[in-house]
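Read through the structure below, which is laid out as structure tokens, and then see the notes.
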Amino acid sequence: MKMGRRRTIRGQITATGGIGKQNLVIADGLINYGLKITNFQIWPTVLGNQDFIGILSLDIGSPAAPMDSGDNRQIGWCYFSDQGASGGHAYRSLIDPDHIVNRDLFLSMMNTTGGTYNYLIEAQVVELTDDEAIITIIKETSQA
């Protein structure tokens, strides 16, 4: 695996009825090139009492259960929870460092206060051998 230039993916996603879904990277047919996600952040466009769960996945159908680290198709998780009257809150962003995106990448919002959210994803372009490309494709289809 050969590391290349850095890339950012940023934009906005709208959550309605607690859910939002967006395709961020579309397969370009170049299976020997991929992205290694290095940072994943989400924040609301308007500050307030918003709770959210954001999931980066390699398959749009992946988030059947929010934040399932047993699902190989889920590779990143970001959440914020406002504890209300107690005044506490929790924010966390996690990325599985052992995954490479070489086809599609999806952002899903679940159990989320309705509204528009910003996202910023940092990635490094990687060049894969044929064998490495096959392994990443197998991981994308949730094979252990």
Please work out which residue is nearest to E132 (Cα to Cα), limiting yourself to region 55-110 and to residues that are among the aromatic types (F, W, Y) and modelled with pLDDT of 90 or more.
F106
Tell me which residues, restricted to region 90-135, are closer than 12 Å to F52 by Cα and without any contact (Cβ under 8 Å) to a residue 12 or more places away in the chain.
A90
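The values are calculated or read from the model by the stated rules, or taken from the named source; none is laboratory data. Please read these numbers as outputs of a predicted model, since none were measured by experiment. Glycine gets a Cβ as well: all are built from the backbone with ideal geometry, and neighbour counts include every protein chain shown.
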